[in-house]
Amino acid sequence: MVRRLIAVAAGVGVMLVGTLGQAQTSGGSFGSQGQFIISADRLFPVLGYSRASSTEPQTPPAGVTKVTDTEDSSSLGFFWGGTPAFTGVVGIAGANVASIPVTNFYTVPRLGFDYAILPNVTVGGDLILFFTLGGSTSHEVYNNGGGTQTTTTNEPTNTTFGIAPRGGYIMHLSDLFSVWLRGGFSFYTLTWKESSTVANTTTTFSANYNQFALDLDPQLVITPFPHFGFTVGLTGDIPLAGGHSFTANTGGTTSSVSAGSSLMFVGLTSGLVGWF
């Protein structure tokens with residue numbers, strides 16, 4: 001009985017090894033025709049520079065054509081996939097004023113899907129999704145007479161969605177190194193919402209930010225293992241069109257404003273890649 005079990009186990013082991021070996025052989029080298037490539041892109045923005053520019057949506061004062069706010073930021077980090085925020089929307093709707101921190105969607109990690117339609121020629125893109133679940137904060141003021149004034153604010157919710165179709169070409173330098181030239185376009189939309197209650201009156205603020213950009217994303221692909229590797233390369237996201245809007249609703253009365261905006265990102269990013 002034991003011998004039979006050993007024989008069956010050995011046979012199953014040989015079959016598994018043969019199957020895995022056949023799968024690795026059929027997969028071919030990175031970029032072979034008919035290959036599916038899955039990547040985790042921009043996991044670690046090692047070095048980055050962002051420039052955000054937005055026109056204040058409210059009516060400018062007399063004698064002023066428009067008011068534009070510009071914010072520059074740079075970062076250097078290792079093994080940190082952070083999403084630094086910038087002041088993307090400055091709005092005045094009615095009597096309400098808001099300065100909205102917006103997630104830098106270019107540094108959000110994303111999932112990539114590509115397919116080799118020809119040897120070393122790929123088509124595909126990235127899918128981006130980032131969201132917060134919200135919460136609440138309270139501010140209490142205790143008066144000498146015993147009265148208490150409480151201000152309750154819901155933590156803002158932030159939802160970012162993006163899609164970045166692209167084409168690519170893989171240049172093999174050696175068995176270990178390849179250069180994956182990638183480029184395409186991207187579209188992002190971000191929705192921000194926050195509510196606050198003061199003296200039993202609730203005001204809901206909401207903002208939207210959208211951006212259409214040209215993406216240049218060449219990557220050095222390092223493949224020390226079969227069907228798995230690492231990517232590192234320069235990334236450039238050049239804004240082509242974009243805008244933002246701000247809305248305030250107090251007691252059923254709604255006011256809104258909108259204007260143009262743009263966000264640029266240049267950096268050195270890294271990620272993971274696998275193919276089959």
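Please treat every number below as a calculation from the coordinates, not as lab data. Keep in mind that this is a model prediction, so the values were computed, not measured. Cβ: placed from backbone, ideal geometry, glycine included. Neighbour counts: every protein chain shown.
One decimal place: the segment Asn154-Ile117 gains 8.5 nm when fully extended, by the rule 0.36 nm per residue minus the C-alpha distance.
When only DSSP loop residues count, what chymotrypsin sites (Phe, Trp or Tyr not before Pro) in the stretch 184-240 have their Cβ near at most 11 other Cβ atoms within 10 Å? The qualifying sites: there are none. When the alpha-carbon atoms of the stretch 32-275 are used, the pair Rg, Dmax equals 22.0, 80 angstrom.
A full extension of the chain between Ser136 and Asn210 corresponds to an added length of 24.0 nm, given 0.36 nm per residue minus the alpha carbon distance. Placing a label point 7 Å from the Cα of Phe185 along the Cα-to-Cβ direction, the residues of the stretch 110-130 whose backbone N falls under 15 Å from that point are 124-126.
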